[in-house]
Structures are given as C-alpha cells and as structure tokens.
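Below: one structure, written as structure tokens.
Here, each number is a calculation from the coordinates, and none is a lab measurement. Small disclaimer: the values here were computed from a predicted structure and weren't measured. Cβ placement follows ideal geometry from the backbone for every residue including glycine, while neighbour counts extend to all protein chains displayed.
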Amino acid sequence: MARIVTGHTGDVTGQRQILHVDMDAFFVSVELRRRPDLVGQPVVVGGTGNRGVVAAASYEARRFGVHSAMPSALAKRRCPHAVFLPGDHSLYGEVSDQVREILDRYTPLVEPLSLDEAFLDVTGSLRLFGPAPQIAASIRRAVADELSLACSVGVAPNKFLAKLASVEAKPRATPSTVEPGPGVVVVVAGRERDFLDPLPVQRLWGVGPVTLDKLHRIGIRRVADFAAVDEAVMATALGQRQATHLVALARGIDDRAVEPEREAQSISHEETYSTNKYEHHELHRELVRLADAVATRLRAAGVGARTLTLKLRFDTGFQTVTRSVTCPEAVELAPEIVDLLAPLLEAIDPTPGVRLLGVGGSNLGPSTRQLSLDDLLEERPDWVATTEALDRIRDRFGSAAIGPASALESGRLRVVRRGEQQWGPDAEKRGAPR
C-alpha cells in the first residue's frame with residue numbers, strides 16, 4: 001500500500017507530477033527468475049574474482065552488510081555462505097527494455113538513468129490514468145504481473161524528491177530480518193519539508209564525505225538543521241555555489257525537467273585484468289580490442305568522436321592515469337583510434353603493473369569523412385570499405401564472428417561486450433578466452 005507522506009492523496013493543480021521508478025535488487029531479481037531455487041538465500045551478482053565488484057545484492061545478503069560497489073572479496077568475508085553469480089549484462093538489458101515498454105504506456109516523458117531506474121513526468125497523463133499515486137501502483141502491478149519483478153516508486157512534484165521517495169518505498173534489510181517496503185511513497189506539493197526535515201543531511205545530492213564533515217562542523221546533521229543556519233555561514237564553509245545548491249534541495253526545490261531523449265555524451269569500454277600487465281605489447285593488444293569495440297558502437301550510433309581518451313589504472317595505490325587527444329574531425333574507425341591513442345600509451349611506463357585499461361570517445365558528432373590530397377596520393381588501406389564489410393558480417397553472424405587478429409586467444413576471439421566486464425574479472429574466467 002502506498003504511504004502518503006502528508007496524509008493527503010490529491011494532486012495539486014499546476015504542479016508537476018514526477019515518478020521515480022527503481023527496480024528492487026534488479027540484477028539479482030532477474031537471476032532469481034531463472035534460479036528460483038535461490039529465492040530467500042543471500043545472492044550476490046558481480047565480478048567473482050579477487051578484483052571483482054558487487055553489482056547487486058539480494059536483501060538477504062544485505063543483512064550481512066553486503067552492498068553494491070563493494071569489493072567481492074570483502075563481500076565474501078562478510079557473507080561466506082552467499083551464492084555469487086557472474087553478471088549477465090545482455091540479459092539485464094533485454095529485461096530493462098521490457099520494463100521501459102511498460103513505462104512508455106503511461107507517458108512519453110521517460111528519462112532512463114540506468115538499466116534499473118527512470119524518471120517519468122505523468123503530469124499530462126492524469127486524466128487518462130488517474131492520480132499519480134494510482135499510476136505508480138499500476139506500474140508496480142504491471143511489472144510484477146508481466147515480468148515477475150518488483151519495483152519501488154516515489155511520487156513527488158520534482159525529480160529530487162521523487163528519487164528520495166523511491167528509496168523510502170523500498171524493502172529494508174536489518175541484521176535480523178528483511179522488512180517489506182510500502183512500494184509507493186508520495187510527497188505532496190506544499191508539504192515537502194515534512195518529508196525532508198527528518199532525513200540525515202547526507203541524503204542531499206552532492207553531500208559526500210568531505211562536505212558532510214564540513215556540515216557537521218557547523219551543526220548540520222539533518223535536513224531540518226539548514227533552517228537554523230544562516231546561508232552566509234554556509235557559503236563561508238562550503239562556497240557560495242554549493243551552499244546555494246544545498247539550501248535549495250533542503251527546501252525541496254528542483255526545477256529540472258524530465259529529459260526523455262538525452263543523447264549519449266560519450267562511448268567507452270574498459271577492462272580490469274585478473275593479472276597485471278607490465279609490457280607495452282600486451283597493452284597494445286588490449287588497446288586494439290577496446291578501440292574496435294568503441295568504434296563499432298560509434299558507428300552503430302551514427303556518430304564519431306572528436307576527443308579520444310586513454311585510461312590506465314595501476315595496481316600500486318590504484319593510481320589512475322588518463323590521457324586525451326582531440327581531433328579536428330570526428331573519427332569512427334578502429335585503426336584511427338589506435339593510431340591516435342598508441343603514442344599516448346607508449347609514453348606511459350607500465351612497469352608498476354596495469355590492472356585496468358580503458359578507451360573512450362567523447363565530443364560526439366556526425367562523422368564527416370572527406371578524402372584529402374594525401375589520401376589520394378598515398379597507398380593506404382581502405383579502412384572504410386573494410387569496416388563496412390566487418391559491420392555486415394557482425395550484423396549477420398554476431399560479434400564473435402570476426403575481429404582483430406590480436407584478439408585471438410586459443411583459437412577464439414576475446415570479444416569485448418558492453419557491460420560484461422564492468423564489475424571486474426570473474427574467477428572462473430581467469431586466463432580463459434572470452
């Protein structure tokens with residue numbers, strides 16, 4: 001049953017009605033649909049190797065202090081009897097699309113934040129589907145009935161409050177039990193402070209450990225404490241820009257609109273390796289693989305990248321180094337990306353041990369490829385024609401059908417798949433071709 005924060009269910013005329021839909025333990029819940037024998041057990045999805053990261057934990061696992069973004073090794077120590085499953089990003093993407101299809105039934109104004117959460121502006125849908133809390137309940141029923149999954153929904157006059165409300169709508173894991181959540185929590189316009197004031201100040205967006213320490217020093221521990229502190233004092237402690245931002249949020253002010261068609265700002269791939277890489281030739285092979293994957297996605301999106309970025313993370317101290325180059329024209333071909341980033345890679349000493357390599361393209365725009373006089377005079381490989389052939393082969397036979405020769409290992413291509421390695425290498429895949 002929905003919890004109405006202010007004890008009143010009506011919609012305020014002239015106010016936006018924003019929903020934040022957040023799937024409950026999404027990756028784990030999808031896995032449990034095909035492993036019903038694991039329902040009720042502590043289950044963790046993510047990288048299973050020593051360098052893995054938890055992507056999602058069931059509420060039973062959260063009772064032991066396991067949470068997303070935690071190193072898998074620590075999660076195993078906290079909950080030794082948990083069942084660890086490698087992530088299946090492709091499947092999660094398919095299910096996310098099915099959830100999106102349900103959300104699109106209620107409004108065209110859907111802004112996805114990730115695979116498992118989205119904002120909806122249902123202001124224009126109230127006459128057709130009823131009040132916003134009723135729409136939220138309908139979405140929850142449809143997700144449960146059609147997909148056998150659960151979601152929590154926050155309803156509020158703006159995005160900030162809706163997202164906070166969806167957190168309050170979720171189940172709670174305590175050391176002794178898992179408490180079900182209300183499913184829907186509503187914050188009604190005009191009574192935002194009733195909802196915000198009791199919350200710890202770290203629930204405000206932009207309050208990290210450093211800012212939290214500064215707020216505690218001036219006596220702010222809960223959102224209600226903002227009312228007792230002069231904004232000039234806040235500006236002295238935090239700087240004017242951050243002080244203005246936090247004061248607005250503490251008052252429940254957020255004027256951002258739901259943006260249904262946000263274009264990608266960048267396209268990238270990165271991999272964490274189960275064993276460090278110390279040689280340039282090893283890293284160059286990985287650069288070719290990652291550049292091929294980024295270029296393929298750029299072409300699929302119909303764009304090129306003017307800015308290319310190389311990212312390395314070393315094992316010692318987890319130091320991260322990034323190097324970028326900006327081109328006069330957008331590029332979309334893997335050989336061009338390699339040619340531009342290889343000199344940056346060669347200039348970095350890998351001997352401390354590289355545990356992660358990444359390639360990214362940003363400053364995206366239409367690819368405007370033109371033949372220059374040099375292209376006509378020099379004998380260069382026709383990468384455009386070659387790439388078009390590669391794309392046709394992959395479209396017909398799959399991404400593992402063809403790829404760079406340097407990506408061959410034990411007679412098989414080590415294919416870079418979107419999202420597959422984002423939680424670190426799996427223990428069972430160490431040293432095995434992918």
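Approximating the spin labels as points 7 Å out from Cα along Cα→Cβ, the ASP225-to-GLU261 distance works out to 4.5 nm. Model label points for TYR278 and THR177, set 7 angstrom from Cα along the Cα-to-Cβ axis, are 5.6 nm apart. Label separation (GLN319 vs GLU346): 2.2 nm, computed from points 7 Å beyond Cα along the C-beta direction. Relative to the current alpha-carbon distance between THR236 and ASN50, full extension at 0.36 nm per residue lengthens the span by 62.6 nm. Between the residues ALA301, ALA237, LEU344, the greatest Cα displacement towards the positive end of the dipole of the stretch 217-368, with unit charges on the Cβ of Lys, Arg, Asp and Glu, is found for ALA237.
Taking 0.36 nm per residue of sequence separation and removing the Cα-Cα distance, the ILE218/ASP145 pair yields an extension gain of 21.3 nm.
Once the Cβ-Cβ distance between ARG33 and ARG127 is put in as r, and R0 is 30 Å, what FRET efficiency do you end up with, to the nearest 0.05?
Efficiency, from the Cβ-Cβ distance: 0.25.
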